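The values are calculated or read from the model by the stated rules, or taken from the named source; none is laboratory data. Nothing here was measured: the structure is a model prediction, and the numbers come from that model. Every residue, glycine among them, receives a Cβ derived from its backbone with ideal geometry; neighbour counts consider all protein chains shown. We work out accessible area using only protein heavy atoms, side chains counted, and drop any ligands, DNA or RNA first. Shrake-Rupley method; radii C 1.70, N 1.55, O 1.52, S 1.80 Å.
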Amino acid sequence: MADLLWTIIGDSHFNRAIEDGLARAVSMKAFALFSLLFGVGLAMQFDRIAPERRVTLLIRRLLVLLAIGILHLTLLWNGDILTEYAIAGLIALPFLFAPGWLVLASGLALLGLYFTGWLIHMLPLPSSAWMMQHVADAAHIYADGNFSQTLVFRLSEISAIAPLHLWIFPRTLGLFLAGIVIWRSGVLRDTPDHRIVLLLTALAALAVTIDAGSSLATVSLALAYGALILSAASTTWGVRLLGWAAPVGRMTFTNYLMQSVIFSIVFYGYGLGLFGRLSVSLALGIGMVVYAIQAIASWCWLKIFQFGPIEWLWRSLMYNKLQPLRLQLPS
């Protein structure tokens with residue numbers, strides 16, 4: 001049995017198939033979908049906060065996110081998305097006061113800029129020779145280095161990978177604005193009445209994905225996933241099927257940071273040192289186990305508390321006042 005398992009895991013064709021499937025169906029799609037949802041969240045908060053406090057509270061909320069993002073970027077993982085989201089959110093704030101047509105036009109223009117790939121030519125990555133040497137150095141330092149060595153190398157990488165963030169920044173901001181438009185369309189306020197619209201949107205997005213390039217496919221497939229999930233969640237059977245994931249979603253911020261903590265211990269030299277030493281299939285398996293554990297932990301936590309610990313901290317700093325954490329059980 002062990003020999004059979006090793007044959008399956010170690011087979012390069014099997015791993016290439018897994019890697020290809022992840023690249024086509026998963027890679028960057030969650031990032032795009034979450035960008036869309038972040039825009040929805042901004043619009044929801046804008047509508048729910050009293051007009052006289054909107055600007056102050058939302059700016060404070062995004063500045064707290066920026067501070068946490070910078071700490072995450074430097075201390076744990078330089079692939080951080082929080083910093084980018086905070087900056088994009090601050091730029092998106094004025095659009096919450098703009099008419100719908102301007103928000104939509106601006107979002108489409110930003111997405112169009114991303115799809116053209118113009119920024120890739122304006123802000124190229126370092127040379128291939130530099131990249132090859134850098135990959136070799138990363139494999140050594142991340143797998144075998146101590147915390148201080150890993151920290152120094154991670155900080156040195158930031159300038160090299162900055163073009164990647166700049167390339168996708170128009171997409172991030174464009175999807176934020178698209179999220180604002182979607183929220184204000186009313187579709188998300190009453191999904192059962194808009195189930196057909198959601199299904200048609202998903203089908204159209206899937207149709208576009210078939211012949212789309214990688215940039216467009218990332219956005220179209222993310223939109224299809226979101227529309228399908230919302231459509232399913234508007235039904236009784238969908239709630240039963242997907243309800244287990246709700247606690248994970250309510251603790252997204254906490255779970256995101258905890259994954260960085262967990263995988264830094266798994267991959268970096270000051271932990272298990274498995275960086276660059278796992279097959280794609282085995283790494284995927286570890287990721288699925290961690291996600292399952294987080295789903296259970298989130299469910300248990302929210303049986304006692306109203307928010308995840310990082311969500312609670314974020315909310316308290318936003319309002320500049322400690323928020324109630326424990327659930328108020330009926331007497």
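Can we say Ser231 is farther than 30 Å from Gly269 by Cβ and surrounded by fewer than 20 Cβ atoms within 10 Å (Cβ to Cβ)?
Working: farther than 30 Å from Gly269 by Cβ: yes; surrounded by fewer than 20 Cβ atoms within 10 Å (Cβ to Cβ): no.
Judged against the criteria, Ser231 is not a match.
So if I check each of Leu241, Leu230, which one is in a helix (DSSP H, G or I) and over 22 Å from the mean Cα position of the chain (by Cα)?
On the way: Leu230 fails: over 22 Å from the mean Cα position of the chain (by Cα).
After ruling out the rest, the residue left standing is Leu241.
Considering (1) open to solvent by 40 Å² or more (accessible area, probe 1.4 Å); (2) of a type in the set (Phe, Trp, Tyr); (3) closer than 26 Å to Leu36 by Cα, say which one Phe253 fails and leave the rest.
Answer for Phe253: the failing condition is (1).
Only one of Arg154, Arg171 is touching a residue at least 40 places away in the same chain (Cβ under 8 Å), out of contact with any strand residue (DSSP E or B) (no Cβ under 9 Å at 6 or more places or on another chain), open to solvent by less than 30 Å² (accessible area, probe 1.4 Å) and within 30 Å of Pro94 (Cβ to Cβ). Can you tell me which?
Working: Arg154 fails: within 30 Å of Pro94 (Cβ to Cβ).
None of the other options fit; the residue is Arg171.
Anything in the stretch 104-136 that is outside any helix (DSSP H, G or I) and either open to solvent by less than 50 Å² (accessible area, probe 1.4 Å) or farther than 18 Å from Pro170 by Cα (or both)? List them, or say none. I'd like the intermediate steps shown before the answer.
Just the residues of the stretch 104-136 that are outside any helix (DSSP H, G or I), to begin with: 117, 123-127.
If the condition is that a residue be outside any helix (DSSP H, G or I) and either open to solvent by less than 50 Å² (accessible area, probe 1.4 Å) or farther than 18 Å from Pro170 by Cα (or both), then Gly117, Pro126, Ser127 are the ones that fit.
Counting only residues that are under 30 Å from Thr74 (Cα atoms) and out of contact with any Leu (no Cβ under 8 Å at 6 or more places or on another chain), how many does the stretch 170-211 have?
Within the stretch 170-211, residues that are under 30 Å from Thr74 (Cα atoms) and out of contact with any Leu (no Cβ under 8 Å at 6 or more places or on another chain) number 1.
So which residues in the stretch 14-62 are surrounded by fewer than 15 Cβ atoms within 10 Å (Cβ to Cβ), assigned to a helix (DSSP H, G or I), of a type in the set (S, T, N, Q) and within 21 Å of the chain's Cα centre (by Cα), if there are any at all?
Across the stretch 14-62, there are no qualifying residues.
So Tyr85 fits all but one of (1) surrounded by 13 or more Cβ atoms within 10 Å (Cβ to Cβ); (2) at pLDDT below 95; (3) not small (Gly, Ala, Ser); what number is the exception?
The one condition Tyr85 does not meet is (2).
Please pick out the residue among Val181, Val261, Val248 that is farther than 30 Å from Thr150 by Cα, part of a helix (DSSP H, G or I) and not polar (S, T, N, Q). Give the steps one after another, and end with the answer.
On the way: Val261 fails: farther than 30 Å from Thr150 by Cα; Val248 fails: farther than 30 Å from Thr150 by Cα.
Unique residue meeting the criteria: Val181.
Please verify whether Leu93 is within 27 Å of Arg48 (Cα to Cα), open to solvent by 30 Å² or more (accessible area, probe 1.4 Å) and at pLDDT 95 or above, treating the condition exactly as stated.
On the way: within 27 Å of Arg48 (Cα to Cα): yes; open to solvent by 30 Å² or more (accessible area, probe 1.4 Å): no; at pLDDT 95 or above: yes.
So Leu93 does not fit the description; no.
For the subset of the stretch 28-67 comprising residues that are touching a residue at least 24 places away in the same chain (Cβ under 8 Å) and small (Gly, Ala, Ser), which member is nearest to Leu82 (Cα to Cα)?
Ser35
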